[in-house]
Amino acid sequence: MKKIVLILLVLLLLGGGGGAAWWFLLRKPPADPQAAATPVAAPIAYLKLPALTVPVIRDGTPHGLVTVEMTMELRDETVRPQAEERLPVLADRLFVVLYDLLGRRIMQEQNFNLDMVKGRLLIAADKVMGAPGSITNVTFTAVETRFAS
């Protein structure tokens, strides 16, 4: 009786292992009709901004300087002419946002939270461009900080 139970247990384990191997390794995934109908995304364009040197001033006294180099990710290549035309205004607005954010104590307490900075920069860029979503991301290519000790 023990031998029969042992043999059934071994056969059950082998069958379960074989079934799992077929399910995860050999089975073809079901066809997804949505995947075939998904349009190919347009190529993304990038716009490099000039380096911005922002003074960090708290309570009326200078604490340091932050130099930021950024690249803006544009929705597609059709946005580039408008972005290049508005580049001086865009750079100025981004400078103002950085100046405002970097002078706040919360930025120092949160160790200069880049997600917050990116979010604010994207909001300002959308206002300058006049079309929400024309700039999809901000990438910091270089950030240099110089603070008085």
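The values are calculated or read from the model by the stated rules, or taken from the named source; none is laboratory data. Computed from a predicted structure; not experimentally measured. Here Cβ is always computed from backbone atoms with ideal geometry, including for glycine, and neighbour counts include all displayed protein chains.
List of remarks:
- Test: residue in the stretch 49-61 that is farther than 30 Å from ARG105 by Cβ and either at pLDDT 85 or above or within 34 Å of the chain's Cα centre (by Cα) (or both): no
- Candidates ALA124, ALA131, filtered to the one that is touching a helix residue (DSSP H, G or I) at 6+ places or on another chain (Cβ under 9 Å) and assigned to a helix (DSSP H, G or I): ALA124
- Search result, residues across the stretch 11-47 that are part of a helix (DSSP H, G or I), surrounded by fewer than 10 Cβ atoms within 10 Å (Cβ to Cβ) and either modelled with pLDDT of 80 or more or within 27 Å of the chain's Cα centre (by Cα) (or both): GLN34, ALA35, ALA36, ALA37
- Qualifying residue in the stretch 89-100 (condition: in contact (Cβ under 8 Å) with a residue 12 or more places away in the chain, among the charged types (D, E, K, R) and touching a strand residue (DSSP E or B) at 6+ places or on another chain (Cβ under 7 Å)): no
- Any hit, the stretch 92-107, residues being loosely packed, with under 15 Cβ neighbours inside 10 Å, more than 18 Å from PHE147 (Cβ to Cβ), at pLDDT 90 or above and of a type in the set (Phe, Trp, Tyr): no
- Any chance PRO88 is out of contact with any Ser or Thr (no Cβ under 6 Å at 6 or more places or on another chain) and part of a loop (DSSP other than H, G, I, E, B): no
- Which listed residue, of GLU84, GLU73, GLU69, GLU109, is without any contact (Cβ under 8 Å) to a residue 60 or more places away in the chain, of a type in the set (Asp, Glu) and within 19 Å of ALA45 (Cα to Cα): GLU84
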